[in-house]
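The values are calculated or read from the model by the stated rules, or taken from the named source; none is laboratory data. As the structure is a computational prediction, the values presented were derived from the model and not from experiment. Every residue, glycine as well, gets a Cβ built from its backbone with ideal geometry; the counts of neighbours run over all protein chains shown. Side chains are part of the model used for accessible areas, which takes the heavy atoms of the whole protein and leaves out ligands, DNA and RNA. Shrake-Rupley method; radii C 1.70, N 1.55, O 1.52, S 1.80 Å.
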Amino acid sequence: MSPHPPQDQFQSGRPLRIAVVGGGISGLVAALEVQQQLPEAELHLYEASPRLGGALNTLHAGDFLIEQGADSFITKTPAALDLCRELGLEDRLIPTNEQHRRALIVHRGQLVPVPAGFVLMRANNLESIKQTPILSDQGRQRLLEEELVPRHPDADDPDHDESVASFARRRLGQEAYERLVQPLMAGIYVADAQKLSLRATMPDFLEAERVHGSLAASVKVEAAANSDEKQASGARYRAFLTLPGGMSELIDALQAALPADGIHLGSGVIGIEQSDQGRWKLIVDRAEDTANFDGIVLTTPAQVSAELLRPTDAKLGESLAEIESASSVVISCAYPLERIKRELDGFGFVVPQIEGRQILAGSFSSVKFPGRAPEDAALIRVFLGGALQSELVELDDAKLTKIVQDELAELLGVEGEPLYVDLARWNAAMPQYHVGHLDRVARIEELTDQHAGLALAGNAYRGVGIPHCIESGRSAARRVVASLV
């Protein structure tokens, strides 16, 4: 494989040329799948930045291991675990620490445990709901009466969708929504729950209402199969895995599985043209990388893909442009344990919007996984911005760091300056799955399928987590291959 494909016209009898645009997890998996499906194909991957991995990036600062993006993946969807097995990484996977497997929530300025067994919207342990100080007597009673709430009139419609906020308020009550559901959802999707599509993000809850009539009834039915959830808090922490060297280990393994001369770093695709014969031309900002291909897998953010494809298909470009995105900032701070007055007795915390704070959530990296900090230090990641506080992303690094230090001082009793600070900006990196998102995605897929040799992948479509991105990359690669052979 040559580093730069020649610019000649397509000739019969030559190997197929396939390009992957974008070197994040979706693009790397798509490239791996193309290589496996068509080992004789001429494969090229283009990444605008100087490194691979996209939002997965691990830093090593002295004895601290810092994740600038996702720090783990969930095994409920098996795609990431299967990929690790395929790459020979399964024996290196590590689970969350067994101690302090719970989430905390800010309640009137204090960190309080999320009720045991409360997972996103489902209460698996009613006794913990009765005892939690997070809800008032009225709020607890309203949540406990969820089983009496009638189903939505459209519950049987498979296309029924509503916002997370609408569903939570309707079934659990306003207080449970504000104090529990909204912050837990914001911590995952950095989204406005009043716009967030339940069908696109957590269809299991719609299904529970449809089949069982209520979430409480579904809990009773599923209790035997999910007995571990009675003590889980906020998330199923047993199901999360990472690697000793961080998530960049996965990126490195993917890169090593691909031919080095087919990877083009610092090569941003600035245009896509389709010929009358259906072939594709990628116009790259490094002119020597511009080339013709039989098929392309486009894994760039939806807004970028919209601009690239608009000249070829205006309707497709317009539909892609409808997918909004949010920006966020992740700030990691390292402190000596002796300067943190509150015990870090959980994996992290989330912040309800009604608390009026300037941070979304915090993760205690050194508690959650081993090997993230020396024994006498703590590493804390703090998240800011998102759909509800987009203005904060515009602040400079110094102001953002000051906000985080002040918030940690108030919530955790942290004293003095941190030993180390890392700030990562993720501009327009989190797609917003607003109500109707899956209908929009279906329309995008229908329009894309009209172009042989073209497929889209990434976190903008059918899931934002690592496993979903892996599934998306594999599926897109298979569609391109199937359209060409």
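Limited to the stretch 461-485, what total is found for residues that are part of a loop (DSSP other than H, G, I, E, B) and of a type outside the set (Val, Ile, Thr)?
Filtering the stretch 461-485 for residues part of a loop (DSSP other than H, G, I, E, B) gives 461-465, 485.
Add one more test, that the residue is of a type outside the set (Val, Ile, Thr), and what stays is 461-463, 465.
Adding up the residues that qualify gives 4.
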For the stretch 129-137, indicate whether the set of residues that are in contact with a Phe, Trp or Tyr (Cβ under 8 Å, 6 or more places away or on another chain) and of a type in the set (A, V, I, L, M) is non-empty. yes
Cβ pairs under 8 Å, 6+ apart or interchain, first in the stretch 122-146 and exposed (fewer than 14 other Cβ atoms within 10 Å of the Cβ), second at pLDDT 95 or above, ordered by first then second residue, are 131/115; 133/107; 133/112; 136/175; 138/175
Strands (runs of 3 or more DSSP E) wholly inside the stretch 330-433 containing at least 1 residues that are farther than 23 Å from residue 464 by Cα and either in contact (Cβ under 8 Å) with a residue 24 or more places away in the chain or open to solvent by less than 10 Å² (accessible area, probe 1.4 Å) (or both): 377-385, 420-431
Going by what's in this entry, would residue 458 be described as touching a helix residue (DSSP H, G or I) at 6+ places or on another chain (Cβ under 8 Å), assigned to a helix (DSSP H, G or I) and at pLDDT 95 or above? no
Out of 151, 122, 140, I need the residue that is more than 28 Å from the chain's Cα centre (by Cα) and closer than 20 Å to residue 198 by Cβ. Which one? 151
Of all the helices (runs of 4 or more DSSP H) wholly in the stretch 244-325, which have at least 3 residues that are in contact with a Gly (Cβ under 9 Å, 6 or more places away or on another chain) and without any contact (Cβ under 8 Å) to a residue 24 or more places away in the chain? 302-309
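Restricting to the stretch 256-303, and then to whatever is charged (D, E, K, R) and open to solvent by 50 Å² or more (accessible area, probe 1.4 Å), can you tell me which residue is farthest from the chain's Cα centre (by Cα)? Reasoning before the result, please.
So the first thing to find is which residues in the stretch 256-303 are charged (D, E, K, R), and the list is 261, 273, 276, 279, 281, 285-286, 288-289, 294.
So of that shortlist, the ones also open to solvent by 50 Å² or more (accessible area, probe 1.4 Å) come out as 261, 273, 276, 279, 281, 285-286, 288.
Details: 261: 30, 273: 31, 276: 38, 279: 33, 281: 31, 285: 29, 286: 30, 288: 34 Å.
Looking at the filtered set, the residue picked out is 276.
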Just name the residue that is farthest from residue 218 (Cα to Cα) out of those in the stretch 153-165 that are open to solvent by 80 Å² or more (accessible area, probe 1.4 Å) and touching a residue at least 12 places away in the same chain (Cβ under 8 Å). 159
Tabulated pairs, the stretch 83-101, first small (Gly, Ala, Ser), second at pLDDT 95 or above, C-beta under 7 angstrom, 6+ apart or interchain: none
Being closer than 30 Å to residue 428 by Cβ, touching a Phe, Trp or Tyr at 6+ places or on another chain (Cβ under 9 Å), part of a loop (DSSP other than H, G, I, E, B) and modelled with pLDDT of 95 or more is true for just one of 200, 193. Which residue is that? 193
Check on residue 213, closer than 30 Å to residue 37 by Cα and at pLDDT 95 or above: no
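Picking from 5, 15, which residue would you name as being touching a strand residue (DSSP E or B) at 6+ places or on another chain (Cβ under 6 Å), assigned to a loop (DSSP other than H, G, I, E, B), at pLDDT below 95 and buried (at least 16 other Cβ atoms within 10 Å of the Cβ)?
Details: 15 fails: buried (at least 16 other Cβ atoms within 10 Å of the Cβ).
From the options 5, 15, the qualifying one is 5.
For (1) at pLDDT 85 or above; (2) of a type outside the set (Val, Ile, Thr); (3) at negative phi, each residue gets a yes or a no:
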site: 227; (1), (2), (3): no, yes, yes
site: 230; (1), (2), (3): no, yes, yes
site: 238; (1), (2), (3): no, yes, yes
site: 243; (1), (2), (3): yes, yes, yes
site: 257; (1), (2), (3): yes, yes, yes
site: 262; (1), (2), (3): yes, yes, yes
site: 266; (1), (2), (3): yes, yes, no
Are any residues in the stretch 439-464 crowded, with 18+ Cβ neighbours inside 10 Å and of a type outside the set (A, V, I, L, M), and if so, which ones? 440, 448, 451, 453, 458, 459, 461, 462, 463
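Return yes when residue 150 is surrounded by fewer than 20 Cβ atoms within 10 Å (Cβ to Cβ) and either modelled with pLDDT under 95 or not acidic (Asp, Glu) (or both) and no when it is not. Can you show your working first?
Numbers: surrounded by fewer than 20 Cβ atoms within 10 Å (Cβ to Cβ): yes; either modelled with pLDDT under 95 or not acidic (Asp, Glu) (or both): yes.
Taking the combined requirement at face value, the residue satisfies it.
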